[in-house]
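As structure tokens, the structure follows; a few thoughts come after it.
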Amino acid sequence: MTVRFALRPTRPAYVPLHRRDVIPRTPVVAWAVLGAALALWVIGLQMTDLDEMDAWGLLSALPVIWYLALALAAGVCVYAMVRRGPLHQPLATAGIGLVLLILYATTSILEDAPRLAWTYKHIGVTRYILEQGTLDPSIDIYQRWPGGFAFGAYLADLLGFADPTEFAAWAQLFFAAVLAILVYAIARTLSTDLRAAWIAVILFSCTNFAGQLYYAPQPLALTLSLAICLLVLSLLQGNHNRLGCFVENALGRGRVDPDAPMPTGLSNSARALVIGCVLLLQFSSTISHQLTPYITVASILVITALGYVRPWWLVVAMGVITLAFLIPNLSYVQDNYALVNSLNPFANFRARAEGVTSQHPVKATIGALAPAISLVVGLLAITGVVQRWRRGGSWPAVIVVAMIGSPLLIGLVQNYGGEAQLRAFLFASPWCAVAGGWLLASLLRREARWPGVLTAGVVALVLSLFVPNFFGNEDVYYVPGSEVQACQWLADNTLPGTVFVQSVPGFPARCSADYYTHVGPSRGDTPNLLSVDKRFAKNDFTSDLPALTGQVYDKVRAYGKDSRLIFSVSQERYARAWGLFGGAAGYERLESAVRNSQQFRLVYENSDTRIYALATA
Amino acid sequence: MTQRLRRNVELALLGLLLIAPLTIALPMPQVIRVLVVLAAVMLAPGAAAVARLPFSQVGVYVAVVIAVSMAIGVAGATVSLWVGWWHPYLLAGLLGAASFALLVLDVRKITRRPSAVGAS
């Protein structure tokens, strides 16, 4: 077989050891610190009381020792990266494992049900499959892209869970771990520098603010997408073509890249097997998620055009799979959503749901941390790419730039429900982390002390931005188990066709297998009092109560005489965060008006939920 | 990634494939069932599918094995729903048996000719 890497700079016969690789030591103290961090985390969880959450979410409820545990675990990670001597892989693995555990398992342990109200949309579809053993594409878009739900139901059956609610809370830790492994593997494929790979993992894991690591098709599809990129880059990589050569030379080259990995030669049968795996991954991604396969095709298309992928027709086959699945679903997508929102990328990336009320100032502050994280990650990525390019690593730099840039193509046609920015960041972040890893790892080769301090500072900075962003909205994201019980009670005690009307968003209304019989006429999300007219949230229920209560009645009655109106703690927190009805007090006044009205009667109540029926029905 | 390490991993997965049905069939604590079955579902099909591919690095091998296992699970579960044949245990049995056979073949091949996996 012809090996197509003649122009690729190969690794020099002699690579001098980095100064840092000279003095191996057993990091006994680091292991002890890691053990202490684990113990502190466990104690911290025992001391945490969710009732103490305020506008700062879980940040105010977590004890100091929880933060100390995170700082120690992150400190050990940084120590493993910057210490002299060969990188201690067991220590780095354990350190990052503990950081992931602290960041992504804390809510799973503390809370008695999966967080995020919208998780229950996915739980409902999975329960439908578990109960019915079939799909009904007429129900909603989830039943048309069922891959993730089918896999969830398959796992639930095999693991012995009757209800995915029992394990869905752990999805965020699971995906965080799997994605960390993928980022590590991709980084290793693009550089031989072990430190760069570990730094990439910690940067990725501590900056993932997009909020997509939960029981949903998106993280599954992202996993499959990154695996495609990994397989292509590690086993199907070709040498650049003329275009790739032009791009590589555009900023000058000539130096030998000391971190260039050695290419892997493959037999024809092995190459065919890799192509088969890539197509299988693309198929599974395509049937699971509406957006991801297109981003994957765009990414692979760009690097194929530059000659980095062989065979070139692989991307064509991936595109055919993707389009072949879209065609039978095209009319449904066009009728219910928009295939193209706007051809103005600026408008698509700016698109946000318009609010009519003022967000709580604390929540606005927490929200502002997300752009700050993006900025830090972006700066690290740009600097890392430029630095790698200047060190002779032009092809890895070009590939990473292509992978960071491809997700931005979403914005050319779609705002993705106002989430185009978030999704673009989600898909770009693994590659940004890889480039950030290159930067810090190359600095760490210097004899000076400051690169180690800089690495510690960067990790401290991203954690200090990410932790408030991730846990600061937990008061809104927390779904009490009692609300899930209330949802199940509703499903068990109402007739099909009874619409569940939320007072405001935030209730896990689609938790049951028959979720589709309790939604509004559009079969979209469960309606709420603001679905038709958001301006209704401007009423603070301090005056003119009979008329306002009459409006509430009319809104609920519009969905049928058997409709149910739901009030709960999670919705109250949502109202407070977004300043609806004047905040939490206004929400209480709204419910008080409903409770005292002759037009509604209380039919169910538990510690966190009250459900009202129409009294005159 | 050495062939010896790979063979040991594949032997461990073969053991996992033998234990997993027992954790489902016998009355055992659910945590054991969850750990064993999850590991089998997330590792064995992928390891079997890429058994003939060369991987120079353990991290790349692990990542590909997990992702391909998930892809096989997603595709298998979805296709079985589409064709109206929803039998998760049977599907898992079929995938497990196929994985077992492929892994046995690969272990035998590695044992006989340690340097032959996938390289040109």
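FYI, it's all coordinate maths here, none of it is from the lab. Since the structure is predicted, the reported quantities are computational estimates derived from the model, not experimental observations. Neighbour counts are summed over all protein chains in view; Cβ atoms, including those assigned to glycine, are modelled from backbone coordinates with ideal geometry.
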So what J values fall out for the stretch A:67-80 if you push phi through Karplus, 6.51 cos²θ - 1.76 cosθ + 1.60 with θ = phi - 60°, rounded to Hz, Gly and Pro as x? 5, 5, 4, 5, 4, 5, 5, 5, x, 5, 4, 4, 4, 4
Taking R0 as 51 Å, what FRET efficiency do you get between A:Thr383 and B:Gln30 from their Cβ-Cβ distance, rounded to the nearest 0.05? 0.60
Inter-label distance, nm, simple model (7 Å from Cα along the C-beta direction), A:Asp562/B:Ala98: 4.4
Find the lysine pairs in the protein assembly as shown meeting two conditions, Cα atoms under 29 Å apart and a separation of 8 or more places or different chains, and report how many there are. 12
Taking the convex hull of the Cα atoms, report for the stretch A:77-156 its projected area averaged over all directions, in nm². 7.9
Between A:Arg84 and A:Glu131, with labels modelled 7 Å along Cα→Cβ, what's the label distance in nm to one decimal, could you check? 6.6
Sequence-distant or interchain residues sharing an amide H contact under 5 Å with A:Phe600, placed H: which? A:Ala615
Taking the Cα centre of chain A as the origin and placing charges on Cβ (Lys, Arg +1; Asp, Glu -1), which of A:Ala402, A:Met262, A:Leu454 is farthest toward the positive end of the dipole? A:Met262
Using a 10 Å cut-off around each Cβ, can you sort A:Ile327, A:Ile43 from fewest to most neighbouring Cβ atoms? A:Ile327, A:Ile43
Round to the nearest 0.05 the FRET efficiency obtained for A:Asn336 and B:Leu5 when R0 = 51 Å and r is the Cβ-Cβ distance. 0.50
Output ³J(HN,Hα) for the stretch A:601-615: one whole-Hz value per residue in order, computed from phi by the Karplus curve 6.51 cos²θ - 1.76 cosθ + 1.60 with θ = phi - 60°, and x for Gly and Pro. 9, 6, 10, 7, 8, 9, 4, 10, 9, 10, 10, 10, 10, 7, 5
Please list the non-local residues whose amide H lies under 5 Å from the amide H of A:Gly57, H modeled 1.01 Å from N, same-chain partners needing a gap of 5 or more. A:Asp475
Placing +1 at every Lys and Arg Cβ and -1 at every Asp and Glu Cβ, with all other atoms neutral, what dipole size does chain B have around its Cα centre, in debye to the nearest 20? 460
FRET efficiency, B:Leu90 to A:Asp544 (Cβ-Cβ, R0 45 Å, nearest 0.05): 0.10
Two-site label geometry, B:Leu18 and A:Glu166: point separation in nm, points 7 Å out along Cα→Cβ: 2.9
Quick one: if you take sqrt(5λ) for each eigenvalue of the C-alpha gyration tensor of chain A, what semi-axes come out, biggest first, whole angstrom? 46, 29, 21
Give, in nm to one decimal, the length gained when the segment between A:Leu50 and A:Leu495 is fully stretched (0.36 nm per residue of separation minus the Cα-Cα distance). 156.7 nm
Using a 10 angstrom cutoff on alpha carbons, build the Gaussian network for chain B and name the most mobile of B:Pro29, B:Pro45, B:Pro88. B:Pro29
For the stretch A:353-424, what does the alpha-carbon gyration tensor say about shape, rounded, prolate or oblate, given a ≥ b ≥ c as the root eigenvalues, a/c under 1.5 as rounded, and a/b over b/c as prolate? oblate
